[in-house]
Amino acid sequence: MALFIYGVASNYGKDFFTAQDRQNFFLRGFPGDVWVIGATEKGALWLAERGVEKTKAEAQAIVDGEVSKAQAAYDALPEEQKTNLNRQRPTAINLP
Amino acid sequence: MTTYNEIAGRRVNFLSSDPTYVDTNSNGQVWYNSSTATLKSWLPTGAWSSGGNLNTGTNQIAGAGTQTAALAFGGIPPATGTNRTELYNGIAWTSNPTGLNTARFQLGGFGTQTAAVAVGGGTPGETNATEKFNGTSWTSNPTGLNTTRRKMGASGIQTSGLAYGGFNGANSVSSSESFSGTTWTNTPSLNTARNGLTGAGVSNTSALAFGGAIDPGAYPGATESYNGSAWTTVNSMNTGREAMGAAGTQTAALAFGGIPPSPATGATEVWNGTSWTTSPTTLATARHSLGGAGTQTAAVGFGGSGNSTATEEWNFGVYSYSAAAWASGGNLNTARGYGRGAGTQTAALAIGGYPITGGTPYVTATEYYNGSAWTTVPATMNTARFGVGSAGTQTAAIAAAGVNPTGVDAASESYNGSTWTSTSSVNTARGDLWGSGTQTAALIFGGYVGPGPTSTATESWSGSSWTSVNSLNSARRGLAGGGTQTATIAFGGGPMPSGVGASTESWNGTSWTAVNSLTTARAQIGGAGTQSLAIAFGGSLYPSTPAVANVESWNGTSWTNLPSMTTARYGFGASGNRNSTLAFGGATGNTYDATVATEMWTGEIATAGSKTLTTS
């Protein structure tokens, strides 16, 4: 049985996920409004009420697209600003 | 065998009931409950939950204040720095009309929401600029830091702060400075020069510096404690990193997020004055360069890498949590559709209504809700009607216009807690409108002037007379809203029966401005809240669907979905606010028969609860 389910849900802020949710199931947010949720009944219900389920490949593709956009934005910065931001180029994210 | 007394220095109490949880000093207390035959304890745990989103996604942001009164300022974008300033009330962020005088990123911040300090940062070149916030606006301090820097640690209060470490444009620095409220004075340096560190503390003589990058790029998680005369190296963090969010004091701190590992971590560590403990729970959204505010046990993290808008709230204690949800309340004594409400969730007033199709006369009965049950009070309205515009509290309300058995009405009545008294009438007779404000300073808007046309009319109540003011942009009836006489939000409704709408308008005391629409267009909707924080629930998609249970939350900018009501309904009364709301009466189907059912919306609540260790 899969450990996780994957979905897209827009974080609307307060009460989007609660402390009780965090105690009930695994939950991680990623770029592109992608969420990785523990494959439990409560986790599945949480996603059903807030977003749309995706396959892992679909979710990974969304995250990859967001990382590509962030990398392109970083690459377009003048060198001086890259230094000032004092940050490395955004790196790939592999969903669990 | 080692006994509990030998380990803990105290014996296990034998009690007939659980003791009262007092404060964090109660943590770890163990007792035997003889009534339930269980060994129990107060075992604190920590958890992150979502808070209201920042209005603008911001990275490399600074913060100050508490979990329920926080301040966010500075950051990127743009890459050259922003002066944006937002205020948090524990539920939602509000953009401050004015920002920092010097736009910047990677700055330091400390203090409270109404007395904060912004210091240093990148513009993009390093600055020593210091500004003070008074709850409304920033003022540039005449003198700045002695050492120009960004990515420093900063902590304290507006009249007693510290800035330490950071990056001067070429290297990491170790210098430390003390702020008196007016001037910066050099103080003993950190033992380890670094940048991207974070700090916690309450004054310029008590601070904790932790994490950061040591040139040319090591992250040992070094921690140093300052006592007013020297920095002392203490136990390091478990996960060395930079660009964390932080909260707390020298002896009770919290660190969360940061980098490495790349692209970011959500790791959370708790400092007890001696050592760091990694929490089993992490930020839901891993990120670095976020802002932080609050205490070790009640903190808030916001913004960060990816220009995040996400806010998360940390609570550490012996709490159990009840999920945000709708729950059933006590039934009305008199079924009523198109009734209106005033007051709060636990002290509400039910006003007027329309009972059953072709049935009994319109409702004049007034009822009080106390959080669990409705009680009919002796006072009855002078004019029986439904769909009034209402405002005020349970014991000080105004009800204006509405629909009487012969048509739309202009009557207005004021309630003082014991009787309804007729006042001067509204200027435009109409029904199925909505109201906001108080008994003596109200606003009514929309409705229909019958038997067909819908209205844009808006009127303001001074406490003695109604004055027509600028109209809604969109004519409609069956709308809802919330707020004050000078700051109201109106949403939903429509030109029924020809259709329903989703449009939302914001009133600034002078005129209405169209803002982002509801996700689900509907009329005869319920609503409560304020101009910047409201809730919309139920309604009708007339004529396609009689009643819906959809619920949406307004954050001052846009609408998002919340868990649905238990019973789909339309044309009901409402009171309360975004986080504590009451919905009562209305109709649930095609028959228009009114219901007595009541529902209560409550956001998540934390309650102290003990843990059972063993059962015997």
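Every number in this text was worked out from the coordinates using simple rules, so none of it is lab data. Just so it is clear, the model here is predicted, and its values are computed rather than measured. In this analysis, Cβ positions are derived from the backbone assuming ideal geometry, glycine residues included, and neighbour counts consider all displayed protein chains.
Can you compute the FRET efficiency between B:Thr545 and B:Asn27 using 1/(1 + (r/R0)^6), with r the Cβ-Cβ distance and R0 = 51 Å? Round to the nearest 0.05. Approximately 0.50, to the nearest 0.05. In this structure the amide hydrogen of B:Gly329, modeled in the peptide plane, comes within under 5 Å of the amide hydrogens of B:Thr598, B:Glu599, B:Met600, none closer than 5 places in sequence on its chain. Here the mean projected area of the convex hull built on the C-alpha positions of chain B is 31.8 nm². Pair-distance distribution P(r) for region B:182-298, from all Cα-Cα distances in 10 Å bins starting at 0: 15, 50, 30, 5, 0 percent.
Placing unit charges on the Cβ atoms of the charged side chains and taking the dipole of chain B about its Cα centre, the candidate lying farthest along the positive direction among B:Asn579, B:Ala373, B:Thr36 is B:Asn579. So if we plug the beta-carbon distance of B:Asn370 and A:Ala48 into 1/(1 + (r/R0)^6) with R0 = 22 Å, what FRET efficiency do we get, rounded to 0.05? Between B:Asn370 and A:Ala48 the formula returns 0.05.
Computed 3J(HN,Hα) for region B:346-354, one whole-Hz value per residue from the Karplus formula 6.51 cos²θ - 1.76 cosθ + 1.60 where θ = phi - 60°, is 9, 8, 10, 10, 9, 10, x, x, 10, glycine and proline marked x. Each stretch of four or more DSSP H residues adds -39500 (n - 2.57); spread over every residue of chain A, this sum gives -13500 deg cm²/dmol at 222 nm. Here the protein assembly as shown is assigned +1 on the Cβ of each Lys and Arg and -1 on the Cβ of each Asp and Glu. Its dipole about the Cα centre then comes out at about 80 debye.
Here the 3J(HN,Hα) profile of region B:495-505, calculated from phi with Karplus coefficients 6.51, -1.76 and 1.60 at θ = phi - 60°, is x, 3, x, 7, x, 10, x, 10, 5, 10, 10 Hz, Gly and Pro shown as x. Along its first, second and third principal axes, ordered by size, region B:360-404 spans 30, 25, 15 Å in Cα coordinates.
Between B:Asn333 and B:Ala8, the simple label model (points 7 Å from Cα in the Cβ direction) yields a spacing of 5.1 nm.
Using C-alpha pairs below 8 Å separated by at least 6 residues, the relative contact order for chain B is 10 percent.
Simple spin-label estimate for B:Ser140 and A:Asp75 gives 4.0 nm between the two label positions (7 Å along the Cα-to-Cβ direction from each Cα). Averaged over peptide A:20-30, the number of partner chain Cβ atoms lying within 10 Å of each residue's Cβ comes to 6. Look at the dipole of region A:4-85 built from charges on Cβ: of A:Val36, A:Ala59, A:Thr18, the Cα furthest out on the positive end belongs to A:Thr18. Protection proxy ranking, highest mean first, for peptides B:162-169, B:12-19, B:507-514, B:111-118: B:162-169, B:111-118, B:507-514, B:12-19, where packing is the per-residue count of other beta-carbon atoms within 10 Å, averaged. Counting Cβ atoms of other protein chains within 10 Å of each residue's Cβ and taking the mean over peptide B:262-268 gives 3. Mind running the shape call on region B:46-317? Use the C-alpha gyration tensor, a ≥ b ≥ c as the square roots of the eigenvalues: rounded below 1.5 for a/c, prolate if a/b tops b/c, oblate otherwise. Rounded shape, in that the Cα axes give a/c under 1.5.
Remark: mean inter-chain Cβ contacts per residue of A:39-50 equal 1, using a 10 Å Cβ-Cβ cutoff to other protein chain atoms. Note on region B:4-44: semi-axes of the ellipsoid equivalent to its C-alpha gyration tensor, largest first and rounded to whole Å, are 16, 14, 8. The spread of Cα positions in the protein assembly as shown, taken along each principal axis and listed from longest to shortest, comes to 83, 66, 53 Å. Given 37 °C and 0.692 mPa s, how large is the Stokes-Einstein diffusion coefficient of chain A in µm²/s, with Rh as the Kirkwood radius over Cα pairs? Reported coefficient: 223 µm²/s. Amide hydrogen proximity for B:Ser412: with H placed 1.01 Å from N in the peptide plane, the residues at 5 or more positions away or on another chain lying under 5 Å are B:Ala401, B:Thr423, B:Val426. In percent, rounded to a whole number, the relative contact order of region B:46-317 is 18, using alpha-carbon pairs under 8 Å and six or more apart. Evaluating 6.51 cos²θ - 1.76 cosθ + 1.60 at θ = phi - 60° for every residue in region B:106-117, the Karplus couplings come out as 6, 8, x, x, 7, x, 10, 5, 10, 8, 10, 10 Hz, glycine and proline recorded as x.
Less than 5 angstrom separates the built amide H of B:Gly509 from those of B:Thr488, all sequence-distant by 5 or more or on a different chain.
Calculated from DSSP H runs of 4 or more alone, at -39500 (n - 2.57) each and per residue, what is the 222 nm mean residue ellipticity of chain B, nearest 500?
0 deg cm²/dmol, from helical runs alone.
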